[in-house]
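**Student:** Following this message is one structure expressed as structure tokens.
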Amino acid sequence: MLLVLVLLALITGVAAVAAPSATAADTASADDVAAGEALFAANCASCHGLDAQGQDGVAPSLVGVGAAAVDFQVGTGRMPMQASGPQAPAKPAQFDQDQINQLAAWVASLGAGPAIPTAEQVDPSLGDAANGMEVFRTNCAMCHGSIGGGGALTQGKFAPSLLETTPTHIYEAMLTGPQSMPVFNDANITPEHKRDVIAYLDAQSAGSPGGLSLGAIGPVSEGLWAWLVLLGLIIGATVWVGARSS
Amino acid sequence: MGAKVNTAAAGTANFVDDRTSIGGFVKFFARKLFPDHWSFMLGEIALYAFIVLLLSGVFLTAFFVPSMETVEYEGAFETMHGVEMTKAFESTLHTSFEVPGGLLIRQIHHWSALLFLAAIMTHMCRVFFTGAFRKPRELNWLVGFTLMVLGLAAGFTGYSLPDDVLSGNGLRIIDGVVKSIPIIGSYTSYWLFGGEFPGTALIPRLFTAHILLVPGLILALIAVHLFLVFLHKHTQYPGGGKTDRNVVGLPLFPVYTAKAGGFFFVVFGVIALVAALFTINPVWNYGPYDPSPVSAGTQPDWYILFVDGALRLMPGWIFGIPMEWEIFGYTLSMNILTPALIMPGLFFGFIALYPWIEKWATGDRGEKHVLDRPRNVPVRTGIGVATITFYVILVLEGSNDIVANLFHLSLNDLTIFFQWAIFILPPIMFWVTRRICMGLQRKDRELVLHGHETGTIVRHENGEYIEVHSPLSEQEVWLRVQHEDIAPLEIAPEYNEHGVRRKGYRWDRFKQALSRFYYEDRISPVTKAEFDEAQHHHDHGHAEADIQAADAKDADKRLTEEWDKVEDEASK
């Protein structure tokens with residue numbers, strides 16, 4: 001198994017991607033792969049095909065996407081897709097982590113790809129949040145907003161909010177570039193910088209120092225709030241003050 | 001004790017009065033009358049928001065450093081450690097995280113700014129829809145309009161001061177807009193920014209504008225605005241006993257001093273409550289200004305959104321024709337110039353000149369102190385609603401990414417929708433509003449002539465059903481018939497009897513066309529003759545109907561009794 005992976009990596013020249021990987025693939029037994037194949041045939045093959053080669057215009061080939069892509073897509077509930085649309089939205093995951101690992105093992109066995117990151121790779125406490133902020137601002141904020149509140153893309157696609165996303169899924173998203181997102185490989189953003197980004201996003205979970213954040217989507221929600229709540233309450237008061245006692 | 005205080009107060013008052021003769025003024029102002037209505041307090045909200053802005057602003061100037069010198073951050077906010085930033089940004093973080101109460105005051109200041117402009121615009125709408133801008137208040141409308149524009153300037157300069165990424169992107173757009181002005185554009189941009197954008201001169205300049213120039217002008221114009229309110233006396237809503245020659249209301253002292261004084265604290269309290277609970281402009285999220293990153297959700301504060309929206313709305317090509325032209329090697333960017341300068345220019349020009357436009361249509365030279373009910377001037381009300389629709393479409397387009405994301409819509413489709421809607425919806429809204437107003441006027445006529453419906457139906461002996469109406473009170477009638485019935489202008493003919501062409505005929509004809517647009521289709525209020533006739537007719541009908549109603553009740557009672565009897569017997 002490992003031999004096949006290494007050979008494939010050498011042939012396709014993606015050794016750099018595969019090198020820090022192979023946690024899931026390493027530990028995956030033949031049973032896991034077989035169970036994964038069965039799950040895949042029952043839940044994924046109608047679009048991706050029994051051999052995971054994909055169909056033109058329907059679903060991409062999954063050969064070489066790696067365990068990380070499976071863990072992200074299935075773990076966030078994006079796959080299996082519920083309905084066709086501009087992009088697959090996150091929803092409650094359909095499988096438990098064991099099943100996801102089985103699926104990941106099978107897909108990883110089809111061709112070398114990025115593996116699920118280790119707990120240490122995604123540990124926010126080991127990252128530098130200040131550097132993470134700079135990396136995030138340069139690479140992520142244009143779609144996800146200044147602290148990851150999310151934003152719109154073209155034609156109904158969108159960059160989702162990252163405020164509820166787990167560190168592992170954030171790491172995997174950067175590594176595999178799901179949906180409309182570009183791939184940020186390890187040459188682009190190093191694993192340490194990826195962890196810094198996670199640390200920055202994790203720092204947001206403490207909440208805004210200024211109080212409730214109104215969605216952290218910028219001045220539009222603030223303006224709406226100023227009209228509806230601030231002016232609304234005060235106009236309510238004018239009616240009260242202006243009312244005659246009689 | 002009480003007597004002692006009284007003597008002391010009287011002594012002080014005497015001392016001051018002997019030296020300043022202020023007693024007369026106090027007496028004059030204390031007896032000044034103001035009519036009572038909640039909508040007359042909208043301008044007051046703006047005034048109080050401005051006072052809160054001044055108070056909180058003074059606090060902030062004590063800690064803000066208007067400098068673009070760069071430093072490395074070492075303060076209390078951890079995710080910013082070691083980041084290079086200007087002193088302006090650093091001092092904003094310092095105010096927010098290290099100065100006790102600093103963040104609260106910053107948030108009070110910013111929320112007040114949003115409220116200030118929202119209150120100004122609501123106040124303007126009230127003045128517009130009730131016709132309070134008519135003679136003699138056209139000048140004060142202009143003063144108020146200028147205050148609104150100054151408010152935008154105060155807001156934008158303040159929004160840009162912290163030198164964060166968000167406001168820096170806004171300044172970059174301003175820079176682009178300035179550069180789109182033909183011939184002088186690039187020179188003006190260099191002059192404003194003291195060199196190539198962003199330069200190092202801007203923050204100190206914005207600071208001077210924000211804390212000295214603009215608030216100074218606002219303060220002076222507020223004084224003029226209030227002085228003119230005193231001079232003209234306050235307008236009043238129509239009602240029995242209220243005319244263009246009197247003011248029906250309560251005296252400034254003690255009623256309004258108490259109400260207005262208390263209301264200031266209500267406004268301040270609500271602002272402080274919201275500022276304590278809700279984050280506004282979290283610059284620590286945006287980071288110090290750097291020209292390269294532009295994050296999603298990059299928008300100006302709401303009052304500038306309409307310009308941003310116009311820029312987003314403008315297509316680069318219209319039906320295949322590019323909107324950026326090159327003339328003798330110089331670029332003319334109509335795709336920026338049109339939405340960001342020409343549109344706001346026309347829009348604001350129309351708002352500023354509106355009192356005169358309507359004056360041309362009415363040809364009325366008299367003073368108006370009794371307000372219009374919006375329904376009684378359907379065309380003005382329609383224009384107002386169309387203008388608001390136009391503005392709201394621009395604001396929504398300025399927020400198009402937020403709207404698209406929130407409602408799971410396509411950003412592109414939304415923009416295309418707004419590109420059509422901006423031309424189609426305002427005329428539709430004008431037409432609909434005008435029809436609704438005329439419908440309400442017809443309803444008023446109906447009420448005055450026939451009275452309120454009571455829901456009591458009676459049947460005549462000949463089988464005819466009629467509904468009993470109760471007459472309106474005198475006040476109710478007055479409210480519905482008091483307004484003027486304005487007919488379209490009649491103008492003198494083009495040639496006099498000698499066949500000589502009259503000067504100014506074209507101008508008159510324009511005014512006549514305008515007047516026809518306003519008053520061609522109109523519902524006249526019920527005249528005295530019509531009212532008397534209806535009363536006469538009714539008195540007759542009423543007496544009859546009342547007798548019949550009584551009869552009907554009797555019959556009903558009899559029927560119930562008989563039914564009870566039958567039931568009793570059956571139970572035995």
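The values are calculated or read from the model by the stated rules, or taken from the named source; none is laboratory data. All of these numbers come straight from a predicted model, not from anything done at the bench. All Cβ positions, even for glycine, are placed from backbone atoms using ideal geometry, and neighbour counts span all protein chains on display.
**Student:** For the structure I just gave you, tell me whether B:His94 is in contact with a Gly (Cβ under 9 Å, 6 or more places away or on another chain), outside any loop (DSSP other than H, G, I, E, B), within 15 Å of B:Gly158 (Cβ to Cβ) and at pLDDT 95 or above. Even if it seems obvious, please write down each step before you answer.
**Tutor:** Details: in contact with a Gly (Cβ under 9 Å, 6 or more places away or on another chain): yes; outside any loop (DSSP other than H, G, I, E, B): yes; within 15 Å of B:Gly158 (Cβ to Cβ): no; at pLDDT 95 or above: yes.
No.
**Student:** With the requirement that a residue be loosely packed, with under 13 Cβ neighbours inside 10 Å, part of a loop (DSSP other than H, G, I, E, B) and within 14 Å of chain B (Cβ to nearest Cβ), what does the range A:92-133 give you?
**Tutor:** Restricting attention to the range A:92-133, the residues satisfying the condition of being loosely packed, with under 13 Cβ neighbours inside 10 Å are A:92, A:96-98, A:119-120, A:125.
Still in the running and part of a loop (DSSP other than H, G, I, E, B): A:92, A:96, A:119-120.
None; the set is empty.
**Student:** If I filter the range B:70-90 for residues that are hydrophobic (A, V, I, L, M, F, W, C), within 14 Å of another protein chain (Cβ to nearest Cβ) and free of Cβ contacts under 8 Å to residues at least 40 places away in the same chain, do I get at least one hit?
**Tutor:** Residues of the range B:70-90 hydrophobic (A, V, I, L, M, F, W, C): B:71, B:76-77, B:80, B:83, B:85, B:88-89.
Checking which are within 14 Å of another protein chain (Cβ to nearest Cβ) leaves us with B:76-77, B:80, B:83, B:85, B:89.
Keeping just the survivors that are free of Cβ contacts under 8 Å to residues at least 40 places away in the same chain gives B:76.
Yes, the conditions are met somewhere in the range B:70-90.
**Student:** While we're here: Search the range B:123-150 for residues that are closer than 15 Å to B:Asp364 by Cβ and pair each with any residue that is assigned to a helix (DSSP H, G or I) and aliphatic (A, V, I, L, M) when their beta-carbon atoms are under 8 Å apart and the residues are at least 6 apart or on different chains.
**Tutor:** B:Phe133/B:Val127; B:Arg137/B:Leu228
**Student:** Go through (1) crowded, with 23+ Cβ neighbours inside 10 Å; (2) within 14 Å of another protein chain (Cβ to nearest Cβ); (3) more than 14 Å from B:Asp401 (Cβ to Cβ) for A:Tyr171 and report which single condition fails.
**Tutor:** (2)
**Student:** Oh, and also: Which condition number does A:Met142 fail, the rest of (1) over 18 Å from A:Ser205 (Cα atoms); (2) more than 8 Å from chain B (Cβ to nearest Cβ); (3) in contact with a Pro (Cβ under 7 Å, 6 or more places away or on another chain); (4) of a type in the set (A, V, I, L, M, F, W, C) being met?
**Tutor:** (2)
**Student:** Mind telling me which of the residues B:Leu213, B:Leu192 ends up being over 24 Å from the mean Cα position of the chain (by Cα), surrounded by fewer than 19 Cβ atoms within 10 Å (Cβ to Cβ) and modelled with pLDDT of 95 or more? Explain how you work it out, then say what you get.
**Tutor:** On the way: B:Leu192 fails: modelled with pLDDT of 95 or more.
Just one listed residue meets the conditions, B:Leu213.
**Student:** Could you give me the residue pairs with C-beta distances under 7 Å whose first residue belongs to the range B:18-32 and is free of Cβ contacts under 8 Å to residues at least 40 places away in the same chain, whose second residue is surrounded by 11 or more Cβ atoms within 10 Å (Cβ to Cβ) and not polar (S, T, N, Q) wherever it lies, and which are 6+ apart or on separate chains?
**Tutor:** B:Ile22/B:Val16; B:Gly23/B:Asp17
**Student:** Given the structure, is B:Pro136 out of contact with any Asp or Glu (no Cβ under 8 Å at 6 or more places or on another chain) and not in a helix (DSSP H, G or I)?
**Tutor:** Numbers: out of contact with any Asp or Glu (no Cβ under 8 Å at 6 or more places or on another chain): no; not in a helix (DSSP H, G or I): yes.
Against the criterion (out of contact with any Asp or Glu (no Cβ under 8 Å at 6 or more places or on another chain) and not in a helix (DSSP H, G or I)), B:Pro136 does not qualify.
**Student:** Right, here's the next one. Filter the range B:511-527 down to the residues that are assigned to a helix (DSSP H, G or I) and polar (S, T, N, Q), then identify the one that is surrounded by the fewest Cβ atoms within 10 Å (Cβ to Cβ).
**Tutor:** Residues of the range B:511-527 that are assigned to a helix (DSSP H, G or I), as a first pass: B:511-519.
The next check asks that each one be polar (S, T, N, Q); those that pass are B:512, B:515.
On the way: B:Gln512: 17, B:Ser515: 21.
Selected residue: B:Gln512.
**Student:** Checking B:Ala276 against (1) surrounded by 13 or more Cβ atoms within 10 Å (Cβ to Cβ); (2) under 21 Å from the mean Cα position of the chain (by Cα); (3) at pLDDT 95 or above, which test does it fail?
**Tutor:** Unmet for B:Ala276, out of (1) surrounded by 13 or more Cβ atoms within 10 Å (Cβ to Cβ); (2) under 21 Å from the mean Cα position of the chain (by Cα); (3) at pLDDT 95 or above: (2).
**Student:** Same structure, new question: Going by the structure shown, is A:Pro80 away from chain B (no Cβ under 14 Å), surrounded by 15 or more Cβ atoms within 10 Å (Cβ to Cβ), part of a loop (DSSP other than H, G, I, E, B) and in contact with a Phe, Trp or Tyr (Cβ under 7 Å, 6 or more places away or on another chain)?
**Tutor:** no
**Student:** Continuing with the same structure: Report yes if some residue within the range B:333-340 is modelled with pLDDT under 95, more than 30 Å from B:Trp302 (Cβ to Cβ) and among the hydroxyl-bearing types (Ser, Thr, Tyr); otherwise report no.
**Tutor:** no
**Student:** Are there any helices (runs of 4 or more DSSP H) wholly within the range B:2-67 with 2 or more residues that are surrounded by 11 or more Cβ atoms within 10 Å (Cβ to Cβ) and polar (S, T, N, Q), and if so which? Let's see the steps before the verdict.
**Tutor:** On the way: elements: B:2-20, B:23-30, B:42-61.
Ranges flagged: B:42-61.
**Student:** Now, a different point. So for the range B:172-192 (the condition being within 23 Å of B:Trp302 (Cα to Cα), without any contact (Cβ under 8 Å) to a residue 60 or more places away in the chain, assigned to a helix (DSSP H, G or I) and of a type in the set (A, V, I, L, M, F, W, C)), does at least one residue qualify? Working first, answer last.
**Tutor:** Within the range B:172-192, the subset within 23 Å of B:Trp302 (Cα to Cα) is B:172-178.
When the remaining residues are screened for being without any contact (Cβ under 8 Å) to a residue 60 or more places away in the chain, the result is B:174-175, B:178.
Now drop any that are not assigned to a helix (DSSP H, G or I), which leaves B:174-175, B:178.
With the extra rule that they be of a type in the set (A, V, I, L, M, F, W, C), the set shrinks to B:174, B:178.
Scanning the range B:172-192, I find at least one residue that is within 23 Å of B:Trp302 (Cα to Cα), without any contact (Cβ under 8 Å) to a residue 60 or more places away in the chain, assigned to a helix (DSSP H, G or I) and of a type in the set (A, V, I, L, M, F, W, C), so the answer is yes.
**Student:** Look at A:Gly149 and say whether it is buried (at least 24 other Cβ atoms within 10 Å of the Cβ) and within 30 Å of B:Trp111 (Cα to Cα).
**Tutor:** Working: buried (at least 24 other Cβ atoms within 10 Å of the Cβ): yes; within 30 Å of B:Trp111 (Cα to Cα): yes.
Taking the combined requirement at face value, the residue satisfies it.
**Student:** Okay, next question. Anything in the range B:251-273 that is surrounded by 15 or more Cβ atoms within 10 Å (Cβ to Cβ) and in contact (Cβ under 8 Å) with a residue 60 or more places away in the chain? List them, or say none.
**Tutor:** The answer is B:Leu252, B:Tyr256, B:Ala260, B:Phe263, B:Phe264, B:Val267, B:Phe268, B:Ile271, B:Ala272.
**Student:** Kindly list the number of the only condition in (1) crowded, with 17+ Cβ neighbours inside 10 Å; (2) at the interface with chain B (Cβ under 8 Å from one of its Cβ atoms) that fails for A:Ala243.
**Tutor:** So the condition that A:Ala243 fails would be (1).
**Student:** Something else: Restricting attention to the range A:178-207, report how many residues are away from chain B (no Cβ under 14 Å), under 17 Å from A:Pro89 (Cβ atoms) and surrounded by fewer than 19 Cβ atoms within 10 Å (Cβ to Cβ).
**Tutor:** 1
**Student:** Could you list, in sequence order, all residues of the range A:57-76 that are farther than 15 Å from A:Phe40 by Cα and without any contact (Cβ under 8 Å) to a residue 60 or more places away in the chain?
**Tutor:** Restricting attention to the range A:57-76, the residues satisfying the condition of being farther than 15 Å from A:Phe40 by Cα are A:57-58, A:64, A:68, A:72, A:76.
Selection gives A:Gly57, A:Val58, A:Gly64.
**Student:** Of (1) in contact with a Cys (Cβ under 9 Å, 6 or more places away or on another chain); (2) within 14 Å of chain B (Cβ to nearest Cβ), A:Leu224 satisfies all except one. Which?
**Tutor:** Unmet for A:Leu224, out of (1) in contact with a Cys (Cβ under 9 Å, 6 or more places away or on another chain); (2) within 14 Å of chain B (Cβ to nearest Cβ): (1).
**Student:** Oh, and also: Looking for whichever is among the charged types (D, E, K, R), assigned to a helix (DSSP H, G or I) and away from chain A (no Cβ under 14 Å) here; the options are B:Arg245, B:Arg205. Which one fits? So that I can check it myself, show each step before the final result.
**Tutor:** On the way: B:Arg245 fails: assigned to a helix (DSSP H, G or I).
It is B:Arg205.
**Student:** Among the residues of the range B:401-439, how many are more than 8 Å from chain A (Cβ to nearest Cβ) and either of a type in the set (S, T, N, Q) or at positive phi (or both)?
**Tutor:** Summing the residues that are more than 8 Å from chain A (Cβ to nearest Cβ) and either of a type in the set (S, T, N, Q) or at positive phi (or both) in the range B:401-439 gives 3.
**Student:** Turning to a different aspect of this structure: Within the group B:Phe59, B:Phe29, B:Phe50, B:Phe25, which residue is more than 32 Å from the chain's Cα centre (by Cα), of a type in the set (Phe, Trp, Tyr) and either more than 14 Å from every other protein chain (Cβ to nearest Cβ) or closer than 29 Å to B:Pro215 by Cβ (or both)?
**Tutor:** On the way: B:Phe59 fails: more than 32 Å from the chain's Cα centre (by Cα); B:Phe29 fails: more than 32 Å from the chain's Cα centre (by Cα); B:Phe50 fails: more than 32 Å from the chain's Cα centre (by Cα).
Result of the check over B:Phe59, B:Phe29, B:Phe50, B:Phe25: B:Phe25.
**Student:** Here's a check for you: in the range B:279-298, which residue that is more than 8 Å from chain A (Cβ to nearest Cβ) and surrounded by 18 or more Cβ atoms within 10 Å (Cβ to Cβ) is farthest from B:Ile203 (Cα to Cα)? Steps first, answer last, please.
**Tutor:** Within the range B:279-298, the first condition is being more than 8 Å from chain A (Cβ to nearest Cβ), and the residues that meet it are B:283, B:288-289, B:291.
Cutting the leftovers down to surrounded by 18 or more Cβ atoms within 10 Å (Cβ to Cβ) gives us B:283, B:288-289.
Working: B:Val283: 16, B:Pro288: 13, B:Tyr289: 12 Å.
So the residue we want is B:Val283.
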